[in-house]
Amino acid sequence: MKIMLYGLRRDEGPHAVRYAEKFGWEVKSCHEILQESTAHLAEGCDAAFISVSCQVDAATAKILQRGGVKYLLTRSAGIDHIDVDTVLSLGIQIANVPAYSPNAVSEHTVMMTIEVLRNMREQQRRIAQMDFSIEGMCGREIHNLTTGVIGTGRIGTATVQNFSGFGGKLYAYDPYPSDLVAQYAEYLPLEEIYARCDILIFLCPLTDQTKHMVDRKAIQQMKGGVVLVNTSRGALFDWEAVRDGLKEGKIGGLAFDVIEGERPFIRKNMEDTPFEHPVFKELLSMPRTLYTAHAAFYTDEAVENMVGIAFMNLNEFLTTGDCKNKVTKGD
């Protein structure tokens, strides 16, 4: 078995080596992401391992198939970077890592929410300038606020549980309610959650139904001064509408780990490289925003699990002909 590892980070390397030795597989790797221009690097390989930064469109998938790739293993829960139907139609099986560490993203979400509520970005800016005043920095406490969690899968469930410890009122929305979540939060229709909540946390998968779910109409339904938190998928938000909501004061704060259109710059040092994303740059300049570079997942446990489970997915395909984490049409 010969595999190609795309977008391999330095911290993933030791785990990949360990699992390759465990299964006795030959491994090639590169730091480049998988896209049409790099798909040829997998020629002669049986499987390609990819990260969420990779882009597997129809053209890329056809090159992989011609090169002999039969399995595509993504080291991520999300699969919106893969043209699933085309890949499957070419006879390439796909698997993802649906639960590498729900607590990693959940804890990051809690951290970002608190930092926005306590004006941490502005506090740190002042301190860096040796300004130790606190005027204008008065924060808010979660137990006095109402929080809504939109999407209660594994990460959403962990987030509801973590927020329950603060004592504030909790609401949740999901097309498929969870009995476990219902022990901590009251499920309500989305429009009611928008109207009631001081904090709205988005942890949804990206689908045709959820794309740009936070648009101008949705923002107008929200409580004035609402804090928005997105540690899930960038395209859940219409970012021009969010920017305008911040300017108008309808949105009181924004914490985001993802943004639509991030692929050209995410995971790269762009310090000396110009790039165009005017809305993103404007958001970064606003005092009531907090951004992290698609790093909510990034803990030692999550990294090890993402690599390890991807390897185990391939081993399951090879030994049983099936995989519990396989991706099918319509997923």
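Excluding same-chain neighbours fewer than eight residues apart, the lysines reachable from LYS324 by a Cα-Cα span under 19 Å are LYS70. Spatially, segment 271-331 and segment 10-53 are offset by 16 Å when compared through their Cα centroids. Within the chain, the selection of entire DSSP H helices by a Cα span of 27 Å or greater along the long axis and an average Kyte-Doolittle value of at least -1.0 returns 300-320. Each residue of segment 74-88 was assigned a 3J(HN,Hα) from its phi angle through the Karplus curve 6.51 cos²θ - 1.76 cosθ + 1.60 (θ = phi - 60°); the sequence is 9, 8, 7, 7, x, 10, 6, 8, 10, 7, 4, 4, 5, 4, 5 Hz, with glycine and proline shown as x.
Each Lys and Arg Cβ is given +1 and each Asp and Glu Cβ -1; about its Cα centre, segment 1-106 then shows a dipole of about 300 debye.
If each DSSP helix of 4+ residues adds -39,500 (n - 2.57) and the sum is divided by the residues in the chain, what number results at 222 nm, nearest 500 deg cm²/dmol? Don't skip to the end; give the middle numbers.
Details: 12 runs with 118 residues, N = 331.
Rounded to the nearest 500, it is -10500 deg cm²/dmol.
Accessible surface for segment 1-122, divided over its residues, is 42 Å² per residue with a 1.4 Å probe. Note that segment 235-331 presents 49 Å² accessible area per residue, ligands and nucleic acids not counted, probe 1.4 Å. Bridgeable lysines around LYS217 (alpha carbons under 26 Å apart, same-chain partners fewer than 8 residues away excluded): LYS169, LYS247, LYS250, LYS281. When only the Cβ of Lys, Arg, Asp and Glu is charged (+1, +1, -1, -1), the dipole of the chain relative to its Cα centre reaches about 80 debye. Bridging of LYS223 to aspartates and glutamates at a Cα separation below 14 Å is possible for GLU191, GLU192, ASP198, GLU248, once same-chain residues fewer than 8 apart are set aside. Listed values (i) 22.8; (ii) 20.2; (iii) 21.2 include one computed from this model; for Kirkwood radius over Cα pairs in Å that value carries the label (iii).
Of the GluC sites (Glu not before Pro) in segment 226-330, which ones lie in a loop per DSSP and count no more than 12 other C-beta atoms within 10 Å? The partial results should precede the final answer.
Working: sites: GLU240, GLU248, GLU260, GLU262, GLU271, GLU276, GLU282, GLU301, GLU304, GLU316; in loops: GLU260, GLU262, GLU271, GLU276.
Hits after loop and neighbour filter: GLU271, GLU276.
If I compute solvent accessible area with a 1.4 Å probe over the protein chains, what percent of it on the chain is carbon and sulfur?
Details: 7810 of 15650 Å².
Summing carbon and sulfur atoms, their accessible area is 50 percent of the total for the chain.
Taking Cα centre as origin and charging only the Cβ of basic (Lys, Arg, +1) and acidic (Asp, Glu, -1) residues, the dipole magnitude of segment 148-256 rounds to 220 debye.
The values are calculated or read from the model by the stated rules, or taken from the named source; none is laboratory data. This is a predicted model, so every value here is computed, not measured. So basically every Cβ, Gly included, is an ideal-geometry build from the backbone, and we count neighbours across all protein chains shown. SASA here: full protein model, heavy atoms, side chains in, ligands and nucleic acids out. Shrake-Rupley method; radii C 1.70, N 1.55, O 1.52, S 1.80 Å.
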